[in-house]
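Novice: There's a structure below that I have some questions on.
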Amino acid sequence: MTQTQTSPAYPTLTPAELRHPDSLKWTLYADDVIPMWIADMDFPVAPPILAALRERLERGLGYHQLAGDRVLDGLLREKLATHGLSDLPEGGIAMLPGVVPGIYATVAALTQPGEKVLTMTPIYHPFHLSITGQGREVASVPLLDGPDGYEIDWDGMDAAAQDTRLLLLCHPHNPTGRVWTHEELEKLRDLVAMHDLSVLSDELHADLRFTGAPFESFAAAERVRDRTITVTGPCKAFNTAGLGIGVLIGHDAELVKKVRAAAGGLMGHEGAMSVTMWQAALKDGGPWLADTVAYLRANRDFLTDYLRQHLPAVKFHPVESTYLAWLDLRDFPRAGDMQKFLLEEARVAVHDGPTFVPEELKPQAQGFIRLNFATSREILTDALERLREALA
Ligand SMILES: Cc1ncc(COP(=O)(O)O)c(C=O)c1O
């Protein structure tokens, strides 16, 4: 692939350059390890974002608009309307210094200590931590491994919803890569309406879809929009996690205010550079994002073919979104300590399956791994060959 002005510099990625001392991903493990764990892409910053950041730096870094940036607010409203979130009221968007603070604030604002919070597992681990870390309990419903992908256990959800008041939804879902379909969203909407639940829908991975269909937010249906807080940010699609920023979105401005207030003065304001970055991403980042999604889709297909051909005992469903593959290696002899085994024998660092489930389900998640394939084809190939050799 040749490098154009707007496409990421994929072919020039070298481990030596990526292993910069300020990179968490590339420095947690030894120098000979390929890191495929934390959800960062190895690609450089999109050129239009870089240009906007440079311009901002040269201009100054005083306090940004603390009540919310009008330009960013407008760009977000335009973008969210394409997900079905139109007619957001004044106060329906509140900025955050990241997405995870929004999850914590929602749990704090909408539940009491000792209460159960509903979620589907495996799931991005701060979902559980936001519950248990604030003295609530996880009501976890494991996803079912269906013939065509992970499915929601509707009976399990119905039973677990009985004594909960809040559902934490991940859409698209990290780590299974599912993009919940319209039918699934409708059933979930029925369920939350029937059980009178509030919902937090984390839609951070929405722009990294391989499905082609337009994205449908959970809150896109009128009957659930007033009970839903949506959180999102630019950090997955544009690989900008080092510049924390996120947003709380809701059609009920009072609900947004209540959730934002739960963090109160404890949560700092969003940084000026992060606002500039998100503005540039929304205004001019489209071509870079399209190139990146195409590259990730090709990596996903490469990974799928490679595993089917060389490691057929690895069970998985090709992801519909994002760059995190959820792989079932339970048939291998070292399933009991797979992450450690792959780190020591293959020199590849992945996330361990048990990370993504609550305490009582950890034994069942042994042998699963989450593998981040957002790197150059060359590095991905090297990692897969290492896995193949170690698992042979
Ligand atoms: C679903 C989901 N939500 C939130 C985050 C983290 O967001 P932030 O760094 O803005 O807190 C991640 C990171 O991988 C994620 O996958």
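Novice: Counting just the residues of the range 364-390 that are over 18 Å from the mean Cα position of the chain (by Cα) and among the polar types (S, T, N, Q), which one comes out nearest to residue 337 (Cα to Cα)?
Specialist: 366
Novice: Mind telling me which of the residues 272, 294, 281, 298 ends up being within 16 Å of the ligand (Cβ to nearest atom) and over 23 Å from residue 104 (Cβ atoms)?
Specialist: Residue meeting the stated conditions: 281.
Novice: Select the helices (runs of 4 or more DSSP H) contained entirely in the range 1-78, then report the ones holding at least 1 residues which are at pLDDT 95 or above and not assigned by TED's automatic domain parsing to the domain that holds residue 371.
Specialist: On the way: elements: 15-18, 24-27, 47-59.
Fully inside the range 1-78 and qualifying: 47-59.
Novice: Is it true that some residue in the range 144-153 is buried (at least 20 other Cβ atoms within 10 Å of the Cβ), more than 16 Å from the ligand (Cβ to nearest atom) and among the charged types (D, E, K, R)?
Specialist: No: the range 144-153 contains no residue that is buried (at least 20 other Cβ atoms within 10 Å of the Cβ), more than 16 Å from the ligand (Cβ to nearest atom) and among the charged types (D, E, K, R).
Novice: Within the range 181-200, does at least one residue satisfy the condition of being within 12 Å of the ligand (Cβ to nearest atom), buried (at least 22 other Cβ atoms within 10 Å of the Cβ) and either in a strand (DSSP E or B) or at pLDDT 95 or above (or both)?
Specialist: Residues of the range 181-200 that are within 12 Å of the ligand (Cβ to nearest atom), as a first pass: 200.
After this cut, where a residue has to be buried (at least 22 other Cβ atoms within 10 Å of the Cβ) as well, the list is 200.
From what's left, either in a strand (DSSP E or B) or at pLDDT 95 or above (or both): 200.
Yes, the range 181-200 has at least one match.
Novice: Condition first: within 16 Å of the ligand (Cβ to nearest atom) and part of a strand (DSSP E or B). Now tell me which residues in the range 312-326 satisfy that. Write out each step before concluding.
Specialist: To start, the set of residues in the range 312-326 that are within 16 Å of the ligand (Cβ to nearest atom) comprises 319-326.
Hits for the range 312-326 are 321, 324, 325, 326.
Novice: Provide a single number: the residues in the range 81-93 that are touching a strand residue (DSSP E or B) at 6+ places or on another chain (Cβ under 8 Å) and either surrounded by 23 or more Cβ atoms within 10 Å (Cβ to Cβ) or part of a loop (DSSP other than H, G, I, E, B) (or both).
Specialist: 3
Novice: I'm checking my understanding of the structure. Among residues of the range 218-234 that are buried (at least 23 other Cβ atoms within 10 Å of the Cβ) and part of a loop (DSSP other than H, G, I, E, B), which one is farthest from the ligand (Cβ to nearest atom)?
Specialist: Filtering first and then ranking leaves 234.
Novice: Still on this model: Among the residues of the range 95-111, write down those that are modelled with pLDDT under 95, in contact with a Lys or Arg (Cβ under 9 Å, 6 or more places away or on another chain) and surrounded by fewer than 22 Cβ atoms within 10 Å (Cβ to Cβ).
Specialist: none
Novice: Among the residues of the range 337-363, which ones are under 18 Å from the mean Cα position of the chain (by Cα) and among the aliphatic types (A, V, I, L, M)?
Specialist: Hits for the range 337-363 are 350, 357.
Novice: Another question, if that's okay. Does residue 241 satisfy being within 12 Å of the ligand (Cβ to nearest atom), of a type in the set (A, V, I, L, M) and closer than 29 Å to residue 48 by Cα?
Specialist: The answer is yes for residue 241.
Novice: Have a look at 273, 267, 277 and point out the one that is crowded, with 16+ Cβ neighbours inside 10 Å and at pLDDT below 95.
Specialist: 267
Novice: Now, a different point. Please verify whether residue 165 is more than 15 Å from the ligand (Cβ to nearest atom), farther than 29 Å from residue 370 by Cα and either buried (at least 23 other Cβ atoms within 10 Å of the Cβ) or modelled with pLDDT of 95 or more (or both), treating the condition exactly as stated.
Specialist: yes
Novice: Out of curiosity, is residue 261 hydrophobic (A, V, I, L, M, F, W, C) and surrounded by fewer than 24 Cβ atoms within 10 Å (Cβ to Cβ)?
Specialist: Working: hydrophobic (A, V, I, L, M, F, W, C): yes; surrounded by fewer than 24 Cβ atoms within 10 Å (Cβ to Cβ): yes.
In short, yes.
The values are calculated or read from the model by the stated rules, or taken from the named source; none is laboratory data. Because the structure is a prediction, the values reported are computed rather than measured. Please note: Cβ atoms are built from the backbone with ideal geometry, for glycine as well, and neighbour counts cover all protein chains shown.
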